[in-house]
1. Wrap a convex hull around the Cα atoms of the chain, take a quarter of its surface area, and give that in square nanometres.
2. Considering the chain, which cysteines have no disulfide-compatible partner, defined as another cysteine with its Cβ under 4.7 Å away?
3. Using C-alpha positions alone, give me the convex hull volume of region 162-302 per residue in cubic angstrom.
4. Starting from the Cα of ALA236, move 7 Å in the Cα-to-Cβ direction to define the label point; list residues of region 146-184 whose amide nitrogen is under 17 Å from there.
5. Please give every one of the aspartates and glutamates within straight-line cross-link reach of LYS72, meaning a C-alpha to C-alpha distance under 17 Å, and leave out same-chain neighbours fewer than 8 residues apart.
6. Excluding LEU174 itself, calculate the net charge of residues whose Cβ lies under 12 Å from the Cβ of LEU174, where each Lys or Arg counts +1 and each Asp or Glu counts -1.
7. Can you tell me which of PRO203, PRO80, PRO183 moves the most in a GNM of the chain? Springs connect C-alpha atoms under 10 Å apart.
8. Could you list the residues of region 95-132 with an amide nitrogen less than 18 Å from a label point located 7 Å from the Cα of LYS161 in the Cα-to-C-beta direction?
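Please treat every number below as a calculation from the coordinates, not as lab data. Since this is a predicted model, take the numbers as computed values, not measurements. No Cβ is skipped: glycine too gets one built from the backbone with ideal geometry, and neighbour counts run over all protein chains shown.
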Amino acid sequence: MNAPVAPLPVSPLMDRFARRITYLRLSLTDRCDLRCSYCMPERMTFLPRAEVLTLEELHEVALAFIARGVRKVRLTGGEPLVRRDMMQLVRALGRKIDDGSLDELTLTTNGTRLAEFADDLAASGVKRINVSLDTLDRTKFAELTRRDSLPQVLEGIAAAKAAGIRIKLNAVALKGINEHELPDLIAWAHGEGHSVTLIEVMPLGEVEGDRFDHYLPLDAVRRDLESRWTLSASDARTGGPARYVDIAETGGRLGFITPLTGNFCEGCNRVRVTATGQLFMCLGGEGKVDLRAALRSDNPEVAVAEAFARAMGEKPEKHSFVIDRPGAAPALLRHMSMTGG
Ligand code: SAM
Ligand code: SF4
């Protein structure tokens, strides 16, 4: 009898700059129940539903990446929690944590539906989540997101905390909108035991108004915070773009994501897949590979491997977007809600 044939070894994904790809951001939908003004216009054109991957296909995509060395999956969107069947995928991926083939399953959410799902998420192995929250002022929240949903978001954050999920709040720093409120937002979050990361607004996709009007470089925010609090650089790194400080007075951690004032690409370990199965190698680039076509081909295994090889060959060294002048067109036509940030 012939000895059983061992499966071919599959190599970990590595790009041409020798960066290992260990982190997948998987968008479940580009749809959203909010309309943050820096993210999308009120009348947003969403991807045609027929083009969106089925839940089974999203699962296959995630498994294909996990088989090639991805250890962390972040579900995102649009708003991942508005996709009706999303908990099935969370449960299925949670089992990959149980069997040791995944280290972390997490998600980025606006929090509006978190109260409903917090217990289920925790039971499925989600230990940490990012919640986007730019202001604690209900009127300002309603203006900024064009929806009066702050109470639901706060309820969602409380439910996640009660379910034992660790929370990081993401706030986009916006000149003339939340810039003077940021210390209060940080103090509140730290008091609740949540860490905070501040983000510079990025020129992705057309919106009403000019993002330049509200662009706030984070070095200015940092100087302002240093005039009130003692900030000490932390060596905490998540493999991502944020740089962290610890704040002595609040006892919490604060991250800064500065795509515009500081390039952070040298250690990039991630790729993004849209809800229609387009694999984007860089948040700041147009380069993409069609995984949906590969998945739906006659020989998906080979086609996906070929798509991965192309993606690794084409992942750029760094992004190059700027938001340096009023009235400039977005650096990319694609909205953040397609690739999930
Ligand atoms: N809907 C979810 C949420 O808001 O958390 C997940 C997707 S959302 C696109 C992910 C993150 O991108 C949010 O923290 C949001 O504030 C941020 N974001 C959206 N558009 C942005 C832009 N143009 N510049 C910087 N951050 C942006
Ligand atoms: Fe929706 Fe998130 Fe974009 Fe806000 S930032 S409109 S919550 S996708």
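1. 18.3
2. CYS32, CYS265, CYS268, CYS282 - these cysteines have no disulfide-compatible partner (Cβ-Cβ under 4.7 Å) in the chain.
3. Details: hull volume 23.9 nm³, N = 141.
About 170 Å³ per residue, rounded to a whole number.
4. The answer is 161, 165-171.
5. Counting by Cα, and skipping residues close in sequence, LYS72 has these aspartates and glutamates nearby: GLU60, ASP98, ASP99, ASP103, GLU104.
6. Working: positive: LYS140, LYS175, ARG211; negative: ASP134, GLU143, GLU179, GLU181, GLU200, ASP213.
Counting the neighbours of LEU174, the net charge comes to -3.
7. Of PRO203, PRO80, PRO183, the Gaussian network model singles out PRO183 as fluctuating most.
8. Backbone N within reach: 109-119, 122, 127-132.
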